[in-house]
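In what follows, a single structure is set out as structure tokens and then discussed.
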Amino acid sequence: MFTDDAYYWSITMPACGISKISKEGVSNEDRKMVWKPFDFSFLSVKWSELITNLLSDHDYRPEEVSHYFMSQFSKADLELTMQRLGTDMRNTIFIGDKYGYTGCTSPIMALDDKLNSEQFKEDEIIVFCSVASGYSMTALIYKW
């Protein structure tokens, strides 16, 4: 897991803060999510570092991973991450064009899509990785 709270200001759900959402006088606008754009071009760098370090901690290499189930935040960032890991889009699945961005659940939804068309073999190594607002990243190795 990796957390960098420098971007805490970028996404607030709700704008007024959760402790104030039910108070009288809070406008409907302040009850909505606020998304302030920022440069997130470092996403693929941080994802690949997190995954590579996790794999190394468990004596695996990126080329041993049969499939990556990633956040569907951005297809371009997913493609860059796969390049940085020394693989290509055949070892991942992008479902953002099918369901839209589904937040931290998107790697599990991508797994479901994959399993509807193809099963994994015993002992295959797969990686789940996602990102959340603020921001934090989590990666998990799973041996099928």
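General remarks:
- Computed from phi, the 3J(HN,Hα) profile of the range 2-15 under the Karplus parametrisation 6.51, -1.76, 1.60 (θ = phi - 60°) reads 9, 10, 9, 7, 5, 10, 4, 6, 6, 9, 10, 10, x, 4 Hz, with x in place of Gly and Pro.
- When the chain is treated as a Gaussian network with alpha carbon springs shorter than 10 Å, the biggest mean-square fluctuation among Gly100, Gly134, Gly17 belongs to Gly17.
- Between Ala15 and Arg61, the FRET efficiency from the beta-carbon distance, with R0 = 35 Å, is close to 0.20.
- Structure-derived Cα Rg over 2.2 N^0.38 Å: which label, when the choices are (1) 1.07; (2) 1.19; (3) 1.70: (2)
- For Ile125, Ile11, the sequence from fewest to most other C-beta atoms within 10 Å is Ile11, Ile125.
- Pairs exceeding a 26 Å alpha-carbon distance, out of Lys75/Lys114; Lys36/Lys143; Lys32/Lys114; Lys23/Lys98; Lys46/Lys121: Lys36/Lys143; Lys32/Lys114; Lys23/Lys98; Lys46/Lys121.
- Each Cα pair under 8 Å and six or more residues apart adds its sequence gap; the mean of these over the residue count of the range 44-143 is a relative contact order of 34 percent.
- For the range 38-109, the equivalent ellipsoid built from the Cα gyration tensor has semi-axes of 20, 14, 11 Å, listed from largest to smallest.
- Beta-bridge orientation, the chain: approximately 65 percent antiparallel, per DSSP, counting only bridges with both partners inside.
- Comparing Met70, Met109, Met13 in a Gaussian network model of the chain where C-alpha atoms under 10 Å apart are linked, the largest mean-square fluctuation is found at Met13.
- Spin-label pair Arg31-Glu79: with each label point 7 Å from Cα along the Cα-Cβ axis, the two points sit 4.1 nm from one another.
- Size of charge dipole - the chain - debye, nearest 20, with Cβ of Lys, Arg +1 and Asp, Glu -1, no other charges: 500
Where a number appears in this text, it was derived from the coordinates with a stated rule and is not lab data. None of the values given here were measured: they were computed from a predicted structure. All Cβ positions, glycine included, derive from the backbone under ideal geometry; neighbour counts span all protein chains shown.
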